[in-house]
Amino acid sequence: MKAQPAASHYINGAYVEDDRGRSIEVIYPATGEIIANLYSATPNIVERAVRAAGDAQYKWAKLKPVERGRILRRAADTLRERHAQLGRLETLDTGRAIQETLGDPAVAANAMEFFGSAVASFYGDYVDLGGSFGYSRREPLGVCVGIGAWNFPIQIAAMKAAPALAMGNAMVFKPSENTPLSALALAEIFTEAGLPDGLSNVVQGYGDVGEALASHEMVAKVSVTGSVPTGRKVSGVAASKLKHITMELGGKSPVIVFDDADVENAVSGALTANFYANGQVCSNGTRVFLHEGIREPFLEQLTARTKKIRIGDPLDPDTQMGPLINKGQHQRVLDYIAIGRTEGATLLCGGGIPRLQGFDCGLFVEPTVFADATDSMRIAREEIFGPVMTVLSFRHEDDVVRRANDTQFGLAAGVFTRDLSRAHRVIAELQAGTCWINTYNRTPIELPFGGYKHSGIGRENALAALSHYSQLKSVYVETGDVASPY
Ligand code: NDP
């Protein structure tokens, strides 16, 4: 199986190679096969990409927003037309089941459509100043850098590029070196849609390339999707040069299931909150707080349905869970499962490596559920980023809210209850940027997405993202004489 692109980088509307860069082997996580060989960006490639972006941005920003939006909407159409091809590429790159990845290009397309349309009505204000008046202009920032994680590569690339480009900025994107392929495909689609050269550039590389981009003098903004430690490092670099930032970071989000919840829906929510994308989702609800009064029916159904999850060949449309992204992550998840056992949590199901014929080198882990966990256990405090659910018990509302908030993270939270007053009351108390009532992990482009506390700064999606890719200019217009004391 091969998925070799024409070259490693995409700069100024064309593929570019520089084989002096460090080698990047792109591995299909289901088999361990090398599907592409790329090179990390050298300083020369970084410089070319940033300069190309800087040169193209000025003219792009002069276009009417509706004209910029038209190009993004054309890119959306191509993303939808090519969803089968792009979904397959995403499966080879990430190992995620094709039944999931076939939907990812549509999510990227939604971002193009939303921002391509919304930007035309995202303008400044008129202010009456009593005779004179003022107005504000929404202006682009300039060259923006996007740095992506490996779980949803094309979605992450699109969610950064779409608002940035719509607003009149240029983008230099660095995907995770684990999943470098679909960002290149997206850059090609932009060119086909008529995006002028230089506005969407992709450079490959490890963390050092991300750092070189984030600290470049010509870069006005850095948007990272990644872990909290990376977010801290990049924020530090960006702050020292007073750059704008958006940080979409990790989480250890709570799902609270009250005793009046619909059991089937609550179990569906908990499963989606933990096992979608093999558990590698930033907003996953990995701390399931379960009311004692509903414990038995919930755990019984949860265990039965977890055991039925079909794990195997990611390219088989019936497969529901594929392998984890790389050996390091595989070992890390297995280590956490061992820690959970040692800490004394009850292993309800999973916990092992499934034996799958033809996939001996695949990085699979069974979907795993621990119950009877306590708040101080590491499996209940640290982000595992794999298919491991931790169930904790509670009895009182105020107690569960306090425990749910007792974490450095604040990305997401969910509440399952039939009592809507309670649902809204509890959601209002939870320290999380993205919340759900009676569902989990729904992230429509129309709603802002992002974290409280260490889970992030700024927001993606919705008009909030256009704010974060623009700056406000205030203009005072004098209609009379200048009031001067001199
Ligand atoms: P990492 O933090 O390891 O990496 C994220 C990106 O940052 C990668 O492209 C990485 O490059 C790059 N990077 C690493 N070090 C630096 C540096 N010093 N300067 C600049 N860039 C750097 O995250 P993962 O890729 O492992 O993704 C998993 C994490 O992402 C989880 O914590 C998850 O919760 C979070 N995440 C958050 C989301 C959100 O929207 N809030 C969504 C998806 C994931 P390289 O790959 O070469 O290391």
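Report yes if some residue within segment 367-380 is under 22 Å from T94 (Cβ atoms) and more than 16 Å from the ligand (Cβ to nearest atom); otherwise report no.
Scanning segment 367-380, I find at least one residue that is under 22 Å from T94 (Cβ atoms) and more than 16 Å from the ligand (Cβ to nearest atom), so the answer is yes.
Between a residue in segment 205-230 that is under 19 Å from T179 (Cβ atoms) and assigned to a helix (DSSP H, G or I) and any residue that is near the ligand (Cβ under 7 Å from one of its atoms) and hydrophobic (A, V, I, L, M, F, W, C), which pairs come within a Cβ distance under 6 Å, given they are 6 or more apart or on different chains?
Short answer, once both residue conditions are applied: G210/I147.
Do we find a residue being in a helix (DSSP H, G or I), in contact (Cβ under 8 Å) with a residue 12 or more places away in the chain and over 17 Å from the mean Cα position of the chain (by Cα) anywhere in segment 165-180?
Scanning segment 165-180 turns up at least one residue that is in a helix (DSSP H, G or I), in contact (Cβ under 8 Å) with a residue 12 or more places away in the chain and over 17 Å from the mean Cα position of the chain (by Cα).
I'm trying to understand the selection: among the residues of segment 420-452, which are within 12 Å of the ligand (Cβ to nearest atom) and in contact (Cβ under 8 Å) with a residue 24 or more places away in the chain?
Answer for segment 420-452, where residues must be within 12 Å of the ligand (Cβ to nearest atom) and in contact (Cβ under 8 Å) with a residue 24 or more places away in the chain: A432, G433, T434, N441, T443, F449, G450, G451, Y452.
Pick from segment 130-154 the residues that are in a loop (DSSP other than H, G, I, E, B) and within 16 Å of the ligand (Cβ to nearest atom): which of them is surrounded by the most Cβ atoms within 10 Å (Cβ to Cβ)?
Looking at residues that are in a loop (DSSP other than H, G, I, E, B) and within 16 Å of the ligand (Cβ to nearest atom), I get G148.
Out of the residues in segment 381-399 that are surrounded by fewer than 24 Cβ atoms within 10 Å (Cβ to Cβ) and hydrophobic (A, V, I, L, M, F, W, C), which is nearest to the ligand (Cβ to nearest atom)?
L392
Please verify whether A239 is more than 7 Å from the ligand (Cβ to nearest atom), over 27 Å from Y15 (Cβ atoms), outside any strand (DSSP E or B) and not polar (S, T, N, Q), treating the condition exactly as stated.
Criteria met by A239.
Any idea how many residues of segment 212-231 are surrounded by fewer than 18 Cβ atoms within 10 Å (Cβ to Cβ) and either within 9 Å of the ligand (Cβ to nearest atom) or at pLDDT below 95 (or both)?
Matching residues across segment 212-231 total 3.
Tell me, yes or no, whether segment 155-163 has at least one residue that is over 24 Å from L102 (Cβ atoms) and in a helix (DSSP H, G or I).
yes
Go through segment 90-108 and report how many residues are surrounded by fewer than 24 Cβ atoms within 10 Å (Cβ to Cβ) and aliphatic (A, V, I, L, M).
4
Given (1) surrounded by 15 or more Cβ atoms within 10 Å (Cβ to Cβ); (2) free of Cβ contacts under 8 Å to residues at least 24 places away in the same chain; (3) of a type in the set (A, V, I, L, M, F, W, C), identify the lone condition not met by A84.
So the condition that A84 fails would be (1).
Looking at segment 212-226 only, could you name the residues that are within 16 Å of V143 (Cβ to Cβ) and not basic (K, R)?
Selection gives A212, L213, A214, S215, H216, E217, M218, V219, A220, V222, S223, V224.
For segment 171-201, what are the residues that are of a type in the set (A, V, I, L, M, F, W, C) and away from the ligand (no atom under 12 Å from the Cβ)?
Once the filter is applied, which keeps residues that are of a type in the set (A, V, I, L, M, F, W, C) and away from the ligand (no atom under 12 Å from the Cβ), segment 171-201 yields M171, V172, L181, L184, A185, L186, A187, I189, F190, A193, L195, L199.
Just checking, how many residues over segment 155-175 are among the basic types (K, R) and on the phi > 0 side of the Ramachandran plot?
So the count comes out to 0.
Name the one entry in V234, V257, V263, V267 that is within 13 Å of the ligand (Cβ to nearest atom) and either more than 23 Å from L430 (Cα to Cα) or touching a helix residue (DSSP H, G or I) at 6+ places or on another chain (Cβ under 9 Å) (or both).
Of V234, V257, V263, V267, the one residue that is within 13 Å of the ligand (Cβ to nearest atom) and either more than 23 Å from L430 (Cα to Cα) or touching a helix residue (DSSP H, G or I) at 6+ places or on another chain (Cβ under 9 Å) (or both) is V234.
Taking the condition touching a residue at least 12 places away in the same chain (Cβ under 8 Å), part of a helix (DSSP H, G or I) and surrounded by fewer than 17 Cβ atoms within 10 Å (Cβ to Cβ), does A120 pass?
yes
Being of a type in the set (V, I, T), surrounded by 24 or more Cβ atoms within 10 Å (Cβ to Cβ) and part of a helix (DSSP H, G or I): is that true of V234 here?
yes
Quick check: is even one residue across segment 188-203 touching a helix residue (DSSP H, G or I) at 6+ places or on another chain (Cβ under 7 Å), assigned to a helix (DSSP H, G or I) and surrounded by fewer than 21 Cβ atoms within 10 Å (Cβ to Cβ)?
So far as segment 188-203 goes, yes, one or more of its residues are touching a helix residue (DSSP H, G or I) at 6+ places or on another chain (Cβ under 7 Å), assigned to a helix (DSSP H, G or I) and surrounded by fewer than 21 Cβ atoms within 10 Å (Cβ to Cβ).
What number of residues in segment 37-62 are out of contact with any Ser or Thr (no Cβ under 9 Å at 6 or more places or on another chain), among the small types (G, A, S) and either assigned to a loop (DSSP other than H, G, I, E, B) or farther than 17 Å from A14 by Cα (or both)?
Residues in segment 37-62 being out of contact with any Ser or Thr (no Cβ under 9 Å at 6 or more places or on another chain), among the small types (G, A, S) and either assigned to a loop (DSSP other than H, G, I, E, B) or farther than 17 Å from A14 by Cα (or both): 1 in total.
Checking the structure you have, find out if any residue of segment 346-360 is without any contact (Cβ under 8 Å) to a residue 60 or more places away in the chain, over 28 Å from P314 (Cα atoms) and in a helix (DSSP H, G or I).
Among the residues of segment 346-360, not one is without any contact (Cβ under 8 Å) to a residue 60 or more places away in the chain, over 28 Å from P314 (Cα atoms) and in a helix (DSSP H, G or I), which makes the answer no.
Quick check on S484: is it in contact (Cβ under 8 Å) with a residue 24 or more places away in the chain, among the polar types (S, T, N, Q) and more than 24 Å from G226 (Cβ to Cβ)?
no
Looking at segment 74-111 only, could you name the residues that are more than 16 Å from the chain's Cα centre (by Cα) and in a loop (DSSP other than H, G, I, E, B)?
The answer is R82, G95, A97, L102.
Residue by residue through segment 334-345, note down the ones that are free of Cβ contacts under 8 Å to residues at least 40 places away in the same chain, on the phi < 0 side of the Ramachandran plot and either more than 16 Å from the ligand (Cβ to nearest atom) or in a strand (DSSP E or B) (or both).
Answer for segment 334-345, where residues must be free of Cβ contacts under 8 Å to residues at least 40 places away in the same chain, on the phi < 0 side of the Ramachandran plot and either more than 16 Å from the ligand (Cβ to nearest atom) or in a strand (DSSP E or B) (or both): L334, A338, R341, T342, E343.
The values are calculated or read from the model by the stated rules, or taken from the named source; none is laboratory data. The model shown is predicted, which means the values in this text are computed figures rather than measured ones. Cβ sites come from the backbone with ideal geometry, for glycine too, and all protein chains shown count toward neighbours.
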